[in-house]
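Trainee: Pasting a structure here, questions to come.
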Amino acid sequence: MAHLPTFVTDLAIILIMAGIATILFKWLKQPVVLGYIVAGFIAGPFVSWLPTVTEMANVETWAEIGVIFLLFALGLEFSFKKVIEVGGTASIATLINMGSMIIIGYIVGQLLGWSTMDSIFLGGMISMSSTTIIIKAFTDMRLQKQKFANIVFGMLIVEDLAAILMMVLLSTVASSNRFEGGELLNSIFRLFFFVLIWFVVGIYLVPTMLKVLKKYLNDETLLILCVGLCLGMVLFAARVDFSAALGAFIMGSILAETIQVKHIEHLVEPLKNLFGAVFFVSVGMLIDPNIIVEYAGLILMLTLVVLIGRVIFATAGVLAAGHGLKVSIQAGFSLAQIGEFSFIIASLGMSLGVIHPKLYPIIVAVSIITTFTTPYFIKLSTPLYYIIEKHIPPRWEKLLHGYGKSEYQIVNDPNDWVKLLRSIALLVAVYSALALAVEFLCEDYFIPFVIQHIAGLRGQILAAIVTLLLMAPFLRAIVMKKNRSIEFRNLWEWGAFNRFMLISIIVLRVVICIALVLRILIPLFPNATVLMGFISLGVIIMVIYSQGFKKQSRRIEERFLENLNQKELQEQKNAAFLPKTQSALLSKQIHIEEIEVSPLSPKVGKTLKESNFRRNTGVHIVSIIRGNKKINIPDANERLYPYDKIIVAGSDKEIQRLIQTIEERNQLLQTEEPVHHISLIQYQVMADSHMIGKSIMELSIQEKTESMIIGIDKPNQTIISISPDYIFEEGDILLLAGEKDKLDTFEENLMFN
């Protein structure tokens, strides 16, 4: 027998075990992630009575690929716009929750006598909730549309972004094995610089490329292209000393802004599931039962720290964001677990060799326990709230309802100064980063090439001119953007002091541009520093008054904004409500939801009048989306069909009642019915048959017998194309098709019907 590489045999063992675990845990109605971990334990080195993996290095390679695709898929669902959309509520709550748990984890590690790095990584691991487990729990309990569930989803989005930042910072701390403020600040600056560059350039190029190549992109080529882009960004991230996971996440978030993102998610999902399973199986392989037994008390203690700490600080975070006590408790109890990101952070610590091997199985055990407790904690939250409510003094009534009037309270628009400074700061940051990116690329590749091939002053001048021409559109944008905006004009008319401040801001922007130009000129002409200063000022003045650079800058910005907003514009086009209208409804606690009608729903085929959703649930049906057709304000006689998407308006409770009504399974539709098959028989027209001399139409054969003549054999020919006017003759042999019981009674039905 041919010898198989261990790479193949190990993968076979992993996937067989994972497949069995998937089926078993689906049957037990438990999260599949836990099944993968159990499968990994069984396939790992600590279980010898079953086939086990022989080369852990192979598994680590597959697991690394698994992390890449997990983070890529997470990026596809993420989108940086979502962070802006969830706003301050999720950001404040997440900051309080994560920050507190990191500190608690570090303190616990120190009290246990662990090393500084073990304590830091412990804090990072217990600060991250499990998106997978929470989504499954909410889906099983039908809580996705609840108010607190929306807050939890927003917090998970912010947590995902914070986790990426945490991984970079932990890598920096681990590489030096000590805290250095300057080094950390440098890492944070590098992270934001590269993320900004990747995102801006990616949004400018990738959607445009997909649009140009659209006619060539079937499922196969689109999948290959997207995976190629993902791995290309992984290579680029590794090239600048960032993790592969960060590169995969960034490319996913770029593709998340394209209109093809749903299709891409669908194509990538099998890859994510396959390699994600390998990653979670590899997590289970590192569980040492001896360590679990030895540190059982420690595992129990850390479990209590996670359950109690996350409940308290997540609840406090949501309260601090302005929500009422009930919603805060429900959100806090939903986040009482750790999951997949904790494994990724633990894997990072193991790969860097900075945490003790015992920490990995301990944190996995804590995750497994908290996963099982999650549904029970969610159920416990509401009864606990009612107990607490009875003991709250009247003077604390605001605690029950939150200090904000509404989760969606519409605040006054910021004043002109705030608007102007905010937009200028963003523009200066983006265009300065782009100018620096051009400068870095030219310094590394173009300028050395030119100086090598064109020696002396000519080469230096040519290198400087080309580099500055590439930077010019961005330099002009730094100085001139927003100088003609409504806010700028309003402030200019409000007095001399405002004019002085506006001029000062312009001067500051000019100084930034001069500094960027000098970064190019001084290394090329080190002996003419003063002259380079005057030349830099002249370059900036020329750039400002150049119409060519103005048009080029405007085209770049228009293309970027078009690509950035194309998905949002497409969604608005298909939406039943405009965003402004939806915000106005949200401010009055009226929520908008899209619900798909199941093919097994008892409401399928019924009119809106017959279903009477308004009386039974309280919601308003404002639109029905059926394929490419949108029926706004449907009348009472409109029927519901399978896979219709209905847009409804109502309160949380009303929408929840509607979902339960729509998603009810009609038991009659699920009962098995007798299976009927089509059979074929031959029937000969005998001499005494009353069919002789009559046509098919006269006899109404199909109507009377529920059978069909599909052919007639005659002595000299076979007739396939049969006319309704065909006259039967003695000896005709009919080839009849129909259900067996109807064919058995063909003659009786024909004569007596």
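Trainee: Using the charge dipole of the chain (Lys, Arg: +1 at Cβ; Asp, Glu: -1 at Cβ; taken about the Cα centre), state which of LEU267, HIS391, VAL33 has its Cα farthest towards the positive end.
Mentor: HIS391
Trainee: Solvent-accessible area per residue for region 298-386 at a 1.4 Å probe radius, Å²? Walk me through the numbers on the way to the answer.
Mentor: Numbers: 2670 Å² over 89 residues.
Heavy-atom accessible area per residue stands at 30 Å².
Trainee: Nearest 20 debye, what's the magnitude of the dipole of the chain about its Cα centre given +1 on Lys and Arg Cβ and -1 on Asp and Glu Cβ? Please list the in-between numbers first.
Mentor: On the way: 62 positive and 63 negative charges, 805 e Å.
About 3860 debye.
Trainee: Here is a further query. May I ask you to order 133-140, 737-744, 276-283 by the average number of other C-beta atoms within 10 Å around their residues, highest value first? Walk me through the intermediate numbers first.
Mentor: Values: 133-140: 18.2, 737-744: 14.9, 276-283: 26.4.
Ranking the peptides 133-140, 737-744, 276-283 by packing returns 276-283, 133-140, 737-744.
Trainee: Over the chain, what relative contact order in percent results from Cα pairs under 8 Å that are six or more residues apart? Walk me through the intermediate numbers first.
Mentor: Working: 997 pairs, mean separation 90.2, N = 753.
That works out to 12 percent.
Trainee: Along the charge dipole of region 414-566, which of TRP494, VAL530, LEU518 sits closest to the positive end, that is, farthest toward it, with unit charges on the beta carbon of Lys, Arg, Asp and Glu (+1, +1, -1, -1)?
Mentor: TRP494
Trainee: Based solely on its DSSP helices, what 222 nm [θ] is calculated for the chain when runs of n ≥ 4 H residues each add -39,500 (n - 2.57) and the sum is averaged over all residues, nearest 500 deg cm²/dmol? Could the numbers behind the result be given before it?
Mentor: Numbers: 33 runs with 512 residues, N = 753.
Only helices count here, giving -22500 deg cm²/dmol.
Trainee: Could you size up the charge dipole of region 196-319 around its Cα centre, putting +1 on the beta carbon of Lys and Arg and -1 on that of Asp and Glu, and report it in debye to the nearest 20? Show your work: numbers first, answer last.
Mentor: Working: 7 positive and 8 negative charges, 89 e Å.
The dipole magnitude comes to about 420 debye.
Trainee: Whenever you get a sec, compute what percent of the accessible area on the chain sits on carbon and sulfur atoms (1.4 Å probe). Each step should come with its number before you reach the end.
Mentor: Working: 24810 of 39280 Å².
It is 63 percent, rounded to a whole number.
Trainee: How big is the dipole moment of region 697-747 about its Cα centre under a simple scheme where the beta carbon of each Lys and Arg is +1, that of each Asp and Glu is -1, and everything else is neutral? Debye, nearest 20, please. Working shown, then result.
Mentor: Numbers: 4 positive and 12 negative charges, 34 e Å.
Result for region 697-747 is approximately 160 debye, rounded to the nearest 20.
Trainee: Which whole-number value in Å² is the accessible area per residue of region 424-548, probe 1.4 Å?
Mentor: Values: 6940 Å² over 125 residues.
So region 424-548 comes to 56 Å² accessible per residue, rounded to a whole number.
Trainee: Further, regarding this structure: Could you give the length gained by full extension between THR9 and ARG559, i.e. 0.36 nm per residue of separation minus their alpha carbon distance, to one decimal place? Each step should come with its number before you reach the end.
Mentor: Numbers: separation 550, 0.36 × 550 = 198.00 nm, distance 4.98 nm.
Result: 193.0 nm gained on full extension.
Trainee: Along the positive direction of the dipole of the chain (beta-carbon charges: Lys, Arg +1; Asp, Glu -1; about the Cα centre), which of HIS323, ASN628, ALA12 reaches farthest?
Mentor: HIS323
Trainee: For the residue pair GLN566 and TYR445, what label-to-label distance in nm results when each label sits 7 Å from Cα along the Cα-to-beta-carbon direction?
Mentor: Here the modelled spin labels are 2.4 nm apart.
The values are calculated or read from the model by the stated rules, or taken from the named source; none is laboratory data. The structure displayed is predicted, hence computed values, not measured ones. All Cβ positions, even for glycine, are placed from backbone atoms using ideal geometry, and neighbour counts span all protein chains on display. Just the protein is used for accessible areas: all its heavy atoms, side chains included, with ligands, DNA and RNA removed. Shrake-Rupley method; radii C 1.70, N 1.55, O 1.52, S 1.80 Å.
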